[in-house]
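Following: one structure in structure tokens, then a few remarks.
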Amino acid sequence: MAAFAIVMMVCLVLIHGGQCKGLFNAAEALHKAKDAENGDVGPDVKAFNVLDYGAKPDGKTDTSINFRRTFEAACNFHGDAMMVIPEGEFLMGPVLFSGPCSNPSLLIIQVNGIVKAQSNMAYYRGGGDDTDWITFQAIDGLIVSGRGTFHGQGSQVWGFNDCARKSNCVRLPATLKFIKVTDAIIRGIKSIDPKGFHIMISMSRNFRIFSVDLQAPGDSPNTDGIHMSKSDLVKISKTVIATGDDCVSMIHGSTNISIKKVICGPGHGFSIGSLGHYDDEADVSGIIVKNCSLRETDNGVRIKTYKTDSPSKASGIIFQDLIMTRVRNPIIIDQEYGNTKYSQPSKVRISDVHYINIRGTSASKVAVDLLCSASNPCQGIHLDNVNLQYAGPPNDDMPFSSNCRNARVAYHGFQSPPPCR
């Protein structure tokens, strides 16, 4: 009765602006996403095909306006709806798919074609800070599912990326951006060569990503696989990420994030941060990375913060049951990230971090490197059964070791490299 009352209250609020979708059932939504991949959604779901709105699948004609019109028709339909991107090749510039939508259940975007981005940066005014490629905004209830591909054509513009030289650089456009989206499932799709991030999630809640394939060269700049901020209840599972930056990056305001059964590499591993980059950052908490593998990545699991006076907290973090193969920095906390010219220590407080059953090989002699803040030492760092072996150049005579500074560490079970002294 209590749950029913909550649903009724939510429905009363939504009557003015749209129809009530009720409580989100994740298992039911995932089943619906699987059916949507094959278009097996039943007769009650009205299909809105981009071809019917003038899109040409020739890979040469810009279809931006056709995609936008198709989405608007599906979003404004007062019934169950599915936007269909069929087989074929579609060229498209930046598009905003904005709600709220009128559908009584989750709006489905079925992607079985190849969608290619316009490569000319003139289409993306202000770069990614102002214009990403495909943006979903203010949508309550969304499924993006299919066997299709989003090709960012990033190789033609990566040369414009100057973030390695400028801290205040303008990022290049993300392929898929989700902002203020709740109750969403992304399943089965593939992203190739984004200009910037593959997937960007911000100010969103109750988000699930399953069986997604994200691919870019290991030297492609700032092509994070999944980048999130100010979002809660995000689950990523059974996904393959090979890219040029963090496989998954979680910055300020990321809470209750679950990453399981993800294959990462090449890339920069799983990162919390950078933190302390902006004023008044929200805390990061409730992060679990479990049953994942990393192969020849620059980092394994990393927490990184800037040396600024911007205070926040990162706590309640679990890295568990991870397999690493020739990872350069398997376990790392870096509270002097980026701006080494600043003398003040980081104000970000890191606590309650657990590394459990981490095994594999390290490409560097320092496999555990915990560099914490002098003014806010790391608290409650636990290493439980860490079994890493050196697999780097054989002529390196340095001992295989751990490095700890300003970190209070508790050890349990087997430890290789040896614990900090």
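The values are calculated or read from the model by the stated rules, or taken from the named source; none is laboratory data. These figures come from a predicted structure and were not determined experimentally. As a convention, Cβ positions derive from the backbone with ideal geometry for all residues, glycine included, and neighbour counts pool all protein chains shown. Ligands, DNA and RNA are excluded from the accessible area calculation, which covers all protein heavy atoms including side chains. Shrake-Rupley method; radii C 1.70, N 1.55, O 1.52, S 1.80 Å.
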Counting sequence-distant residues (5 or more places) and residues on other chains, those with an amide H built under 5 Å from that of residue 177 are 134, 135, 136, 200
Could you derive backbone 3J(HN,Hα) for the stretch 346-357 from the dihedral phi with the Karplus parameters 6.51, -1.76 and 1.60 (θ = phi - 60°), listing whole Hz in sequence and x where the residue is Gly or Pro? 5, 8, 6, 9, 10, 8, 6, 10, 10, 10, 10, 6
Give the label of the value calculated from the structure for Rg and Dmax of the Cα atoms in Å, choosing from (i) 19.7, 58; (ii) 22.3, 71; (iii) 25.7, 83. (ii)
Computed about the Cα centre, the charge dipole of the stretch 246-420 from +1 Lys/Arg and -1 Asp/Glu charges at the Cβ has a magnitude in debye, to the nearest 20, of 240
How large is the charge dipole for the chain, taken about the Cα centre, if only the Cβ atoms of Lys, Arg (+1) and Asp, Glu (-1) carry charge, to the nearest 20 debye? 520
Distance from the stretch 240-301 to the stretch 389-421 (C-alpha centre basis), Å: 22
What list of ³J(HN,Hα) values in whole Hz, one per residue of the stretch 267-279 in order, does the Karplus curve 6.51 cos²θ - 1.76 cosθ + 1.60 (θ = phi - 60°) give from phi, with Gly and Pro shown as x? x, 10, x, 9, 10, 9, x, 7, 10, x, 8, 10, 6
If packing is taken as the mean number of other Cβ atoms within 10 Å per residue, what is the order of 307-314, 294-301, 47-54, highest first? 294-301, 307-314, 47-54
Which value, in Å² rounded to 10, gives the accessible area of residue 318 with a 1.4 Å probe and all protein chains present? 60
Percent RCO, i.e. relative contact order, over the chain, from Cα pairs under 8 Å lying at least 6 residues apart: 8
With a 1.4 Å probe and every protein chain left in place, tell me how much accessible area residue 87 has, in Å² to the nearest 10. 140
How much of the accessible area of the stretch 246-420, in percent, comes from carbon and sulfur atoms when a 1.4 Å probe is used? 48
Accessible carbon and sulfur surface of the stretch 93-208 relative to its total accessible area, %, 1.4 Å: 47
Whole-Hz Karplus couplings 3J(HN,Hα) for the stretch 139-156, θ = phi - 60° and coefficients 6.51, -1.76, 1.60, Gly and Pro as x, run 10, 9, x, 8, 10, 10, 8, x, 9, x, 10, 9, 10, x, 6, x, 4, 7
Relative contact order computed over the stretch 246-420 (Cα-Cα under 8 Å; 6+ residues apart), in percent: 18
Would you rank 324, 203, 398, 121 by solvent-accessible area, highest first, keeping every protein chain in place and using a 1.4 Å probe? 398, 203, 121, 324
Once amide H atoms are built 1.01 Å from N in the peptide plane, which residues 5 or more positions from residue 312, or in another chain, come under 5 Å H to H? 348, 349
With the 1.4 Å probe rolled over protein heavy atoms, the chain has an accessible area per residue in Å² of 43
If amide H atoms are modeled at 1.01 Å from N in the peptide plane, then the residues at a separation of 5 or more from residue 209, or on another chain, having amide H under 5 Å from its own are 186, 235, 236, 237
What shape does the stretch 246-420 take by its C-alpha gyration tensor, where a ≥ b ≥ c are the square roots of the eigenvalues and a/c under 1.5 counts as rounded, a/b above b/c as prolate, and the rest as oblate? prolate
